[in-house]
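Notes follow the structure.
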Amino acid sequence: MRKLFILSALFLGFAALAPAYAQNADAVLGTWTTQSGNARVQIYKCGSNYCGKIVWLREPNYPAGDAMAGQPKVDRENPDQSKRTRPIMGLNLVWGFSYDDGEWSGGRIYNPEEGKTYSCTLTLESPNRLKVRGYIGVSLIGKTQYWTR
């Protein structure tokens, strides 16, 4: 019984600390590695909101066998034909986030691999782990990734 009480107290103590990571709106600032490890995104202040751009790619150029082999990757899947030549390096991947009650919301995330944009929320689960939830319509229909510092 005593062990159960101690474990319960520890659990409640850690649960109470979890939201403390996101008490500072600027806690999300910095460079984050995507879940796949293929890119790093720098999150920065853009006016009163938060945005993020690609600052590193594991493979910045197209591989052999691709029609654009050896050339820097561009946003060629973008549905707007006028944007298909813009470089992936430096591309704004996330934008428009505002902070409220431990979460950055109201933002959008762009997936350059498929040329689609989604609604998005960001939640800091620990100082070095960011939950990135992209969705269409309601957040129940979407995908979650975890980025690390």
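The values are calculated or read from the model by the stated rules, or taken from the named source; none is laboratory data. Fair warning: this is a prediction, and the values are worked out from it, not measured in the lab. Cβ sites come from the backbone with ideal geometry, for glycine too, and all protein chains shown count toward neighbours. The area values use the complete protein model at the heavy-atom level, side chains included, leaving out ligands, DNA and RNA. Shrake-Rupley method; radii C 1.70, N 1.55, O 1.52, S 1.80 Å.
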Charged-residue dipole, Cβ positions (Lys, Arg, Asp, Glu), the range 13-149 about Cα centre, Debye nearest 20: 240 debye
May I ask for the equivalent-ellipsoid semi-axes of the range 34-126, computed as the square root of five times each C-alpha gyration tensor eigenvalue and listed largest first in whole Å? 27, 14, 11
Carbon and sulfur %, accessible surface of the range 66-149 computed with the full protein complex present, 1.4 Å: 49 percent
Give the cysteines in the chain for which no other Cys Cβ lies under 4.7 Å away, or write none if there are none. CYS120
The alpha-carbon center of the range 115-145 and that of the range 42-76 are separated, in whole Å, by 19 Å
In the chain, if the dipole is taken from +1 on Lys/Arg beta carbons and -1 on Asp/Glu beta carbons about the Cα centre, which of PRO79, ALA69, ASN38 is farthest to the positive end? ASN38
Number of Lys pairs in the chain closer than 27 Å at Cα, excluding neighbours under 8 places apart unless interchain, is 20
For the chain, the per residue accessible area (1.4 Å probe, Å²) is 62 Å²
Nearest 10 degrees is fine. How inclined is helix 2-17 to the longest principal axis of the chain, computing both from alpha carbons? 40 degrees
